[in-house]
Amino acid sequence: MSSTNEEQQNESAQYDEHRDLKTLARFLNLEFRAKLDDPSPPQELVLGEFGRIAGSWGRHHSTVPIGGNESELVVATSDPLNLTAVDQLRLCYNLPTRTIVTTPEEITRAINSMRTRLMSDRSSALDTDEDESSDFEHQLKIDVTDAEDDDAPIMRYVNAIIFKASTERASDVHIEPFENSLQVRFRIDGVLYDIDSQDKSHQAAITSRVKVMAGLNIAEKRLPQDGRIGLKIAGNDVDIRVSTVPTQFGERVVMRLLDKSATVLDLSQIGVRYENLQAIDKLIRKPNGIILVTGPTGSGKTTTLYSCLTKINTPELNILTVEDPIEYQLNGIGQMQVNPKIDFTFASGLRAILRQDPDVVMVGEIRDAETAEIAIQASLTGHLVLSTLHTNDAAGAVTRLVDMGIEPFLVSSSLLAVMAQRLVRRLCSHCKEPYELTDVEIYELGLDPANLRSRRAYRPGTAECDHCQNTRYTGRTGIHELLIIDEKIKSLILQRMDSSTIRNAATENGFETLRVDGALKVLEGITSAEEVFLATHEEVS
């Protein structure tokens, strides 16, 4: 009797689910099917690089392609409000989609059916028969230059690389030719990971496809080239900077992904501590002077400058920038990009900006004495100037300006502050493990054992973790040191003191180094001691 009641309850629940999905489909003007026919999408939609769509991805999103032809992809889903999943499929296959609503049970059955097909034939869409291999590379070259041929496997493969890079938070995609293979690597949270390897015969076609997308000259293979690709991935605008260089085994391609929607332009969210936030907020509201951000390439200097500009961006201020390149467009701010081919440099751009009645000026980078001199003169004539400089620490920026030939009295009278920064990876909150800091770690982090309330910290976990793809880290944050140019520091600049002397004097007044800032984030469980050691170096007194 109880089993009969359970069956009746199950049937009732199933009926309610069908009714709700059918109502939702009607509301969204979509077709509803209680039962799906056997899935029969074209073979290349199931196999090759897209096998995961018929597996873990499909189950996660309860969405799967069930049919299609050269002009349309038919997608079944039990979650019709998940527009992101359908957008991702549209990008992967370069085809318009038609959505059908069905039950979760039917989605599972369709996925299992497609997985059976996948297991029965593991050949990739890029594979060819032996008797066709000699002509295959030539055929691919024709396909990738034919914009109307949406079925070209190389086009889908390149799209899949970009899609995978975007969904896995990669900042860069490396396509690297070697003697016998073509390697694909992603840089995720600052670390490179091997992703895929392709046969050497596909190298020319894959490279050509990327160059076509970026508007580059596919016939020119002897010189470096730079281009851009604009895409919408899962509803987000993604700007891709493309760079190619000739190497011994062919052209090497690097694509840098800039997800405009994922950009954080808030200093508090990029790791700047409260004490430094308060100081920076006062500095960027001064009417004149220079504020510098230093650090190696890829340390987030431009993002920090953008965050500062965003904070003070009001209709009352005329804010202009000269950059190389313009990474993100800022509403209400005039941005110019340098172009060395026509002799439009940072220096010439800065001169032009000063004739535009600016209040605040951002210079992408001070690379030479000419740009430094103009920036300093601009700050002395009533402008606030923000820029970047390549030095290891904040104190080093002061001596670098003097070494460029700038008179010490000009540096001391114009420079307001220098902030040095690095990026460290955030520990995955799902798999990080607590442990006690060792005496050696405490010493190397520059902490005082007597003042430590607890030695508790966190380190990368060892358990399997899907949230971070077993990398043990998710995302990055900044560590910073802020050097305020006070009267004591100005006196040392006038005496042409070295960076060590300036740093030691600042430390006596409460200045905290990069390593100290990193140590505090270790104690907060944000990052690991190992990350801080890798990102900083021990200061030598």
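A short reminder: the numbers here are calculations on the coordinates, not readings from a lab. Computed from a predicted structure; not experimentally measured. Every residue, glycine among them, receives a Cβ derived from its backbone with ideal geometry; neighbour counts consider all protein chains shown.
List the residues, sorted by chain then number, that are 5 or more residues from F178 or on another chain and whose placed amide H is less than 5 Å from its amide H.
HN-HN under 5 Å from F178: Q183.
Write out the chymotrypsin sites (Phe, Trp or Tyr not before Pro) in segment 230-314 meeting two conditions: DSSP loop, and at most 13 other Cβ atoms within 10 Å of their Cβ.
Loop-located and lightly packed - none at all.
For L317 and D281, calculate 0.36 nm times their separation in residues minus their Cα-Cα distance, and state this gained length in nm to one decimal.
11.4 nm
For K232, which lysines qualify as cross-link partners when the Cα separation must be under 27 Å and same-chain residues fewer than eight apart are set aside?
The reachable lysines, counting only those whose Cα sits under 27 Å from K232, are K141, K164, K211, K260, K301.
Would you mind classifying segment 342-430 by shape? Square roots of the alpha carbon gyration tensor eigenvalues, ordered a ≥ b ≥ c; an a/c under 1.5 is rounded, otherwise it is prolate if a/b is larger than b/c and oblate if not.
prolate
Please give, to one decimal in nm, the separation of the simple spin-label points placed at Q495 and N236, each 7 Å out from Cα toward the Cβ.
Taking the simple label geometry, Q495 and N236 are separated by 5.1 nm.
Ordered by packing density, taken as the mean number of other Cβ atoms within 10 Å over each peptide's residues, highest first, how do 443-449, 350-356 rank?
Highest to lowest by the protection proxy: 350-356, 443-449.
What relative contact order, as a whole-number percentage, does segment 329-447 give when Cα pairs under 8 Å and 6 or more residues apart are counted?
Computed value for segment 329-447: 18 percent relative contact order.
Relative contact order for segment 401-476: what percent, with Cα pairs under 8 Å and sequence separation of 6 or more?
Worked out over segment 401-476, it gives 39 percent.
Once both labels are modelled 7 Å past Cα along the beta-carbon direction, what's the E72-S413 spacing in nm?
Between E72 and S413, the simple spin-label model gives 7.5 nm.
Restricting to DSSP loop positions (anything but H, G, I, E, B) with no more than 14 other Cβ atoms inside 10 Å of their own Cβ, which trypsin sites (Lys or Arg not before Pro) remain in segment 261-305?
For trypsin sites (Lys or Arg not before Pro) across segment 261-305 that sit outside H, G, I, E and B with at most 14 neighbouring Cβ atoms in 10 Å, the list reads R285.
How much of the DSSP beta bridge set in segment 346-467 is antiparallel, as a percent to the nearest 5?
Among the beta bridges of segment 346-467, antiparallel pairing accounts for roughly 50 percent.
Can you bin segment 232-386 into rounded, prolate or oblate? Criterion: square roots of the alpha carbon gyration tensor eigenvalues sorted a ≥ b ≥ c, rounded for a/c under 1.5, prolate for a/b above b/c, oblate for the rest.
oblate
Would you mind calculating the relative contact order of segment 460-541 from Cα pairs under 8 angstrom and at least 6 residues apart, reporting the percent as a whole number?
29
Starting from the Cα gyration tensor of segment 418-488, take the square roots of the eigenvalues, sort them a ≥ b ≥ c, and report rounded, prolate or oblate (rounded when a/c is under 1.5, otherwise prolate if a/b is larger than b/c, else oblate).
Oblate is the answer for segment 418-488, as a/c is 1.5 or above yet b/c matches or exceeds a/b.
Starting from the Cα of Q337, step 7 Å along the direction of its Cβ; do the same at N112; then give the gap between the two resulting points in nm.
Result: 5.2 nm between the two label points.
What ranking, highest mean first, results for peptides 73-80, 211-218 when packing means the other Cβ atoms within 10 Å averaged over each residue?
Those peptides, ordered most packed to least, come out 73-80, 211-218.
Order these peptides, 492-498, 105-111, 476-482, by their mean beta-carbon neighbour count within 10 angstrom, highest first.
Highest mean packing first, the order is 476-482, 105-111, 492-498.
Viscosity 0.890 mPa s, temperature 25 °C: what is the translational diffusion coefficient of segment 185-285 from Stokes-Einstein with a Kirkwood Rh over Cα pairs, rounded to a whole number of µm²/s?
Calculated translational D: 148 µm²/s.
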